[in-house]
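Written below as structure tokens is the structure these notes are about.
Please treat every number below as a calculation from the coordinates, not as lab data. Predicted model only: the values in this text are computed from it and were never measured. Because the Cβ atoms are built from the backbone with ideal geometry, glycine has one as well, and the counts that use them run over all protein chains shown.
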């Protein structure tokens, strides 16, 4: 099952790359057409906008799995274990609720989006905004799996703080902590 999930997210990463390449090709091609031939490709503007929508949602799913979303751990890291567990539960439960709302909203708008046709490409808008179904289900499944791990006691105390440190920041903090106080050494030399 783990391999299937890994393949799913690798496929999402590939789709993000393809969306980005398509956007670059369409926008750059349109710019060249405008400057060189004083014309443009109308469909490229619309399709690049749709690729950006998909890229954003696909990237959000990947970032959620990797724990790459922004967060502030100033308070959480100073709480006792029970406080960290409670905040973790509250955070995941609220995100699960938001994903349920997102799924419900996508479902309620489904009939409207099916009949709404894009002006240039002629696509049903459900092909663009229907990504909401996928995002809500995938992110909701991640929330449920984290809550399940919490209730089973499978999360370490470090995993309860969901903020990922910036690259290199941890090493700098460790290095500075191991050095003698820089302020007092400068004062002693002067």
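Could you work out the relative contact order of the chain? I mean the mean sequence separation of Cα pairs under 8 Å and 6+ apart, divided by the number of residues, in percent. Relative contact order of the chain: 23 percent. Note on the chain: with a GNM built from Cα contacts shorter than 10 Å, the maximum mean-square fluctuation among 16, 31, 138 falls on 31.
Tell me, in nm to one decimal, what length is gained between residue 15 and residue 74 on full extension, where the rule is 0.36 nm per residue of separation less the Cα-Cα distance?
Details: separation 59, 0.36 × 59 = 21.24 nm, distance 3.50 nm.
Gain on extension, residue 15 to residue 74, equals 17.7 nm.
In the chain, the longest principal axis of the Cα atoms and the axis of helix 169-178 are about 10 degrees apart. Relative contact order, whole percent, for the range 70-180 stands at 36, derived from Cα pairs under 8 Å and 6 or more residues apart.
What is the Å³ per residue value for the convex hull set by the Cα atoms of the range 70-180? Walk me through the numbers on the way to the answer.
Values: hull volume 15.9 nm³, N = 111.
Expressed per residue, the convex hull around the Cα atoms of the range 70-180 is 144 Å³.
Helix-derived [θ] at 222 nm for the chain: sum -39500 (n - 2.57) over DSSP H runs of at least 4, divide by residue count, nearest 500? Could the numbers behind the result be given before it?
Working: 9 runs with 143 residues, N = 190.
Helix-only estimate at 222 nm: -25000 deg cm²/dmol.
Between residue 127 and residue 148, the modelled label-to-label distance comes to 3.5 nm, taking each label 7 Å out from Cα in the direction of the beta carbon. So if R0 is 22 Å, what FRET efficiency would residue 3 and residue 94 give, r being the distance between their Cβ atoms, rounded to the nearest 0.05? Efficiency, rounded to the nearest 0.05: 0.10. Computed from Cα atoms, the angle from the helix 42-66 axis to the main principal axis of the chain rounds to 30 degrees.
Under the 0.36 nm per residue contour assumption, what length would be gained going from the current alpha-carbon distance of residue 82 and residue 53 to full extension?
Stretched out fully, the residue 82 to residue 53 stretch lengthens by 6.5 nm.
Using only alpha carbons, the range 1-119 has a radius of gyration to Kirkwood radius ratio (Rg to Rh) of 1.12.
FRET efficiency for the residue 38 to residue 137 pair, using the beta carbon distance and R₀ = 45 Å, is estimated at 0.45.
Packing, as the average of other Cβ atoms within 10 Å across residues, places the peptides 34-44, 20-30 in the order 20-30, 34-44, highest first.
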